[in-house]
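Input: a single structure, listed below in C-alpha cells.
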C-alpha cells in the first residue's frame with residue numbers, strides 16, 4: 001500500500017529540480033529556463049511535464065535523463081517525462097534571477113518587450129562584460145540553437161546573446 | 001476480432017508532406033556543414049537544419065501515430081523509398097552554389113511561415129500544437145534569409161547575377177507549395193489546414209515585395225514544376241535518400 005503522506009509535494013519537487021542544470025548553460029537550471037512546466041502525481045508515478053526550447057535542441061534528451069536521475073536519487077521510483085508543445089516555450093519565462101546568472105556567466109540575457117531599446121528584431125543588447133550598449137550582432141546564430149553571436153565595440157569582446165524567442 | 005480502425009489518410013498525408021519538406025531540406029543544407037563561405041553562415045545553416053530535423057520528428061511522429069501501424073518517426077524517415085516521400089520538388093533541388101542554396105531556403109521559408117501560422121488554428125489539436133512550436137522557428141529563419149537575399153540581390157554585380165540565376169531556376173518550383181489537390185481540399189473543408197489559395201496569395205504578395213527590394217525579377221508566366229507532393233520526384237531525391245538512409249538500410253535497427 002502506498003503511504004500518501006510520504007509523497008513529497010509538487011512544490012518541494014520543483015525546488016529539487018532547481019538543482020538540475022541546463023546541460024549547455026550549467027549556470028541556469030531547467031526550472032530557471034521554464035523548461036519544467038509542471039509536476040504532478042498520478043498514483044505512485046510522478047509525471048514531469050517538460051517543453052522543448054527549440055524543437056531540434058540536442059539538450060532536450062539529456063535534460064529528461066537528468067531530471068529522472070535527480071528524482072531517483074531523491075527516492076522517487078516511478079517517473080514519467082511528458083513532453084508538451086503548447087504553449088510554445090518562450091524566453092519571457094526566464095526569471096529575473098536567471099537573467100542575472102546568465103549575465104554573470106558572460107551571456108547577454110534575452111531582451112524582452114519591457115527592456116527593449118530599439119526594435120525587437122534589432123534590439124540593443126548590453127555587453128555582459130563591460131555593460132556598454134555599443135554592441136552589434138555578428139551572426140543570427142551561435143554555439144547553441146538558443147544563442148546568437150554578438151560583439152562589443154567598446155571592450156571589443158565577443159559574446160553570446162540569448163535570443164528572445 | 002476488432003475491426004481495423006480506419007486511417008485518416010488526409011491527416012496522414014498532411015503530416016508526411018510537412019515532415020518530408022523539413023527533412024529533405026535539412027539533409028540538403030546539412031551538407032554545407034564545414035563548407036559554407038563564412039563561419040557564421042556555416043553555423044546558421046547547421047542551426048536551421050537542426051530546427052528542421054526537430055520539426056520533422058514532430059510531424060513524422062504524428063504521421064506514425066495516425067497510421068497506427070507502429071512506425072516511428074525514424075522508421076518513416078529512414079525506411080521509406082522516394083515514391084513514398086511527399087515533399088515538394090523545391091527542397092530536393094541540389095545545393096548548387098551558396099546563392100542557389102540561399103534562394104531555395106528563402107522560397108521555402110517564405111511559404112513555411114504563413115503555412116504554419118495558419119495551421120496554428122487547425123481543428124486538429126496535434127497539428128495546431130506542432131505549428132505553434134515550429135512557427136516561432138520559421139519566423140527566425142525567414143528573418144535571416146530575407147535579410148540575405150536583399151543584401152546579396154542588391155549587392156555587387158557578381159552577387160546580384162548569382163541570385164538572379166538562382167531565382168530564374170528555382171521560382172517555377174515555388175508554386176507547388178500552394179497548388180491544392182483533392183487531399184488539400186479535404187483538409188481545408190475539415191478546417192485541419194488552410195485553403196492553399198489563401199496561403200498562395202500571402203506567399204506571392206510577400207515574394208513580390210521582398211524580391212523587388214532585392215532588385216530581383218521573378219520569371220513571368222513560368223509553368224509550375226510539381227509532383228513531389230504526390231510522390232513523383234526528380235532523380236536527385238533518390239541520391240539524397242541513398243546517402244541519408246544508408247546506415248539503417250545496411251545495418252537494420254542499428255542504434256548508438
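Scan region A:142-154 and give yes if some residue there is touching a helix residue (DSSP H, G or I) at 6+ places or on another chain (Cβ under 6 Å) and farther than 23 Å from residue B:144 by Cβ, otherwise no.
Restricting attention to region A:142-154, the residues satisfying the condition of being touching a helix residue (DSSP H, G or I) at 6+ places or on another chain (Cβ under 6 Å) are A:145.
Subsequent filtering for residues that are farther than 23 Å from residue B:144 by Cβ retains none.
No, because not a single residue in region A:142-154 is touching a helix residue (DSSP H, G or I) at 6+ places or on another chain (Cβ under 6 Å) and farther than 23 Å from residue B:144 by Cβ.
When you scan region B:113-143, how many residues do you find that are over 16 Å from residue B:50 (Cα atoms) and touching a helix residue (DSSP H, G or I) at 6+ places or on another chain (Cβ under 8 Å)?
Residues of region B:113-143 over 16 Å from residue B:50 (Cα atoms): B:113-129, B:131-132, B:143.
Now narrow it down to the ones that are touching a helix residue (DSSP H, G or I) at 6+ places or on another chain (Cβ under 8 Å): B:113-122, B:124, B:126-128, B:131.
Within region B:113-143, residues that are over 16 Å from residue B:50 (Cα atoms) and touching a helix residue (DSSP H, G or I) at 6+ places or on another chain (Cβ under 8 Å) number 15.
Exactly one condition in (1) assigned to a loop (DSSP other than H, G, I, E, B); (2) without any contact (Cβ under 8 Å) to a residue 60 or more places away in the chain; (3) over 27 Å from residue B:235 (Cβ atoms) is false for residue B:37; which is it?
(2)
Go through region B:179-192 and report how many residues are over 16 Å from the mean Cα position of the chain (by Cα), in contact (Cβ under 8 Å) with a residue 24 or more places away in the chain and either farther than 14 Å from residue B:18 by Cβ or crowded, with 20+ Cβ neighbours inside 10 Å (or both).
5
Would you confirm, using the coordinates I've provided, whether residue A:76 is surrounded by 15 or more Cβ atoms within 10 Å (Cβ to Cβ), part of a loop (DSSP other than H, G, I, E, B) and outside the structural domain of residue A:146 (by TED's automatic domain parsing)? So that I can check it myself, show each step before the final result.
Working: surrounded by 15 or more Cβ atoms within 10 Å (Cβ to Cβ): yes; part of a loop (DSSP other than H, G, I, E, B): yes; outside the structural domain of residue A:146 (by TED's automatic domain parsing): yes.
In short, yes.
Among the residues of region B:26-43, is there at least one that is farther than 27 Å from residue B:159 by Cα and more than 14 Å from chain A (Cβ to nearest Cβ)?
no
Restrict the check to region A:104-120 and report whether at least one residue is without any contact (Cβ under 8 Å) to a residue 24 or more places away in the chain, at negative phi and within 14 Å of another protein chain (Cβ to nearest Cβ).
Yes, because at least one residue in region A:104-120 is without any contact (Cβ under 8 Å) to a residue 24 or more places away in the chain, at negative phi and within 14 Å of another protein chain (Cβ to nearest Cβ).
Any residue at all in region A:84-91 that's modelled with pLDDT of 90 or more, within 12 Å of chain B (Cβ to nearest Cβ) and part of a helix (DSSP H, G or I)? Spell out the reasoning first.
Going residue by residue through region A:84-91, those that are modelled with pLDDT of 90 or more are A:84-91.
Retained after the next criterion (residues that are within 12 Å of chain B (Cβ to nearest Cβ)): A:84-91.
Now restrict to residues that are part of a helix (DSSP H, G or I): A:91.
Yes - at least one qualifying residue is present in region A:84-91.
The values are calculated or read from the model by the stated rules, or taken from the named source; none is laboratory data. Everything quoted here is computed from the prediction, not taken from an experiment. Here the Cβ is made from the backbone with ideal geometry for all residues, glycine too, and neighbour counts use every protein chain on show.
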